[in-house]
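Pasting a structure here, questions to come.
What follows draws every value from the coordinates through simple rules; no lab data is involved. What you see is a predicted model, and the numbers here were worked out from it, not measured in a lab. Counting neighbours? That spans all protein chains shown, and the Cβs are built from the backbone with ideal geometry, glycine included.
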Amino acid sequence: MGSVSDEVKQSKTYWRWSKQDFFPEESFQNWGTYRYALLHTCSWFKDRLVSRSDDANEIGELRKQSENDMKRCLTWWDLTWFGFGSVIGAGIFVLTGQEAHHHAGPAIVLSYVASGVSAMLSVFCYTEFTIEIPVAGGSFAYLRVELGDFAAFITAGNILLESIIGSAAVARAWTSYFTTLLNRHSNSLRIQTNLASGYNLLDPIAVAVLAIAATIAILSTRKTSYFNWIASVINTVVILIVIIAGLAHAKTPNLTPFLPYGVKGVFQAAAIVYFAYGGFDHIATMAEETKNPSRDIPIGLLASMSIITFVYCLMALSLSMMQKYTDIDPNAAYSVAFESVGMKWAKYLVALGALKGMTTVLLVGALGQGCYTTHIAQAHMIPPWFALVHPKTGTPINATLLITICSACIAFFSSLDVLASLLSVSTLFIFMMMAVALLVRRY
């Protein structure tokens, strides 16, 4: 009975609004300490520029800030499917046609190989850090140890920006593909307003989708894994059908010339399709929810990225062989290609595949973003109230709500092109900093 009452009491104290949870530093305790802190701001800022954390602090001390541990319930099998779900979204359906038509031609297959190898190098950086620092903070924690608090602070801002903007962009795209399944115009379910261009189409469906994904992530990591597995299996079946149907209507002459834009075009396309590999870093944040993170996360990352690269190459090959690169529609490549071979119904299959892919991206994103935000809050770079882990669900509810609410507000107003222009810079910055951090750790 005592343990039950303690649990009830603990769960009640999770929802609290004390000053200590938002302003825990000594500087904020009273006006005297605040004035003292202001006078010493320059010297303290100088110290923070060069101060660094260490492995023991990230693994042990910071975790206590959450008061409760996350539930360790994931295996390498779960992480492989999480990797599959977090990466394969609408990008493969959108980017392949654009780059095959404009830059690479049939050699778009080589572009996916090149970008896959590049993405795998980033994966190696993450796996090496994950083995040695298995914490929920992912790249933020690794950079804090190797490059210091200031670099980690800048990266934390980029991580939060990427999380919020990325989720909002995927949610907006989800609405567009959903309307395609209904055989309606992409903006038909959005609300037209008199606001400035780019912000004048309100999207309540995007908000609802974000809320549902966050709710599943909040309730249970294990349940999120089940939902992700089901959605990923459906997505895999759709992708296999697209590949088989495409290869069944393949024409070898469509591969000639193979390099119409030269080697330069291959790498130009590779730079763009690289973003179809984004999202794998969320797997590194699940260390505290994984039974054996030092073994399972590297297996999950490497297995999922290897499979994804192979799948992307097959999809690019099927499109290139089904239709001449000059005839590929850059806006709806697969749908138009299937229509050209008499498979008009396939556009709904493509929309379903993209929709399922984006659903898993949102699910895994909600889980990974919560973990990122939790560790950032543990380091007091945002209020530690967001670091709290709920004793019953074993999930960071406050952190997940923070990202979801911000994403929902942006997704409700902002168009997809506005969001996409903000996303790419922060993603590349984080990957670059990870590579630098690994060099510092080794040498």
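Report, largest value first, the span of the C-alpha coordinates of the chain along each principal axis, in whole Å.
Between the extreme Cα coordinates on each principal axis of the chain lie 76, 49, 48 Å.
So what are the three principal axis dimensions of segment 72-206 from its Cα atoms, in whole Å, longest to shortest?
50, 40, 32
For segment 234-310, what are Rg and Dmax over the alpha carbons, in angstrom?
17.6, 52
Further question on the same structure: Tell me the volume per residue, in Å³, of the convex hull enclosing the alpha carbons of segment 50-138.
160 Å³
Count charges around GLY300 for me, please; just the other residues with Cβ under 14 Å from its Cβ, Lys/Arg as +1, Asp/Glu as -1.
Within the 14 Å Cβ shell, the charges total -2.
Ratio of segment 112-171's C-alpha Rg to 2.2 N^0.38 Å, to two decimals?
That works out to 1.29 for segment 112-171.
What base-10 log of the normalised intensity I(q)/I(0) is obtained for segment 263-308 from the Debye formula, alpha carbons as equal point scatterers, at q = 0.13, 0.19 Å⁻¹?
Once normalised to I(0) and log-transformed, intensities are -0.41, -0.66.
GNM on the chain, C-alpha springs below 10 Å: top fluctuator among ARG184, ARG52, ARG16?
Maximum fluctuation in the GNM of the chain, among the listed residues, is at ARG16.
5 Å is the cut-off here: which amide hydrogens, built 1.01 Å from N in the peptide plane, fall below it relative to LEU74, excluding neighbours closer than 5 in sequence?
For LEU74, whose amide H was placed from the backbone, the distant partners under 5 Å are THR290, LYS291.
Right, here's the next one. Select from the chain the helices, each a whole stretch of DSSP H, whose alpha-carbon atoms run 20 Å or more along the helix axis and whose Kyte-Doolittle mean is at least -1.0; answer none if there are none.
For the chain, where a helix must reach 20 Å along its axis and average at least -1.0, the hits are 108-132, 149-181, 204-219, 221-248, 293-322, 346-378, 397-413, 416-442.
Check each of the chymotrypsin sites (Phe, Trp or Tyr not before Pro) in segment 25-86 and keep only those in coil by DSSP with at most 12 other C-beta atoms within 10 angstrom; list them in order.
Passing sites in segment 25-86 do not exist.
Stretched out fully, how many nm does the piece from THR252 to ASP21 gain, at 0.36 nm a residue minus the Cα gap?
Here the segment from THR252 to ASP21 would lengthen by 76.7 nm.
Next question, about the same structure. Between MET432 and GLU132, what FRET efficiency comes out of the Förster formula 1/(1 + (r/R0)^6) with R0 = 25 Å and r the beta carbon distance, rounded to 0.05?
So the FRET efficiency works out to roughly 0.80.
May I pose another question? Tell me what the chain gives for mean residue ellipticity at 222 nm when only DSSP H runs of n ≥ 4 count, each as -39,500 (n - 2.57), the sum divided by the residue total, rounded to 500 deg cm²/dmol.
Roughly -22500 deg cm²/dmol at 222 nm, from the helical runs in the chain.
Just order 241-248, 351-358 by mean Cβ neighbour count inside 10 Å, highest at the front, would you? The partial results should precede the final answer.
Numbers: 241-248: 16.5, 351-358: 25.5.
Listed from highest to lowest mean packing, they are 351-358, 241-248.
Over all Cα pairs of segment 293-443, how is the pair count split among 10 Å bins, expressed in % and running from 0 up to the last occupied bin?
Here the calculated profile for segment 293-443 is 8, 22, 33, 23, 11, 3.
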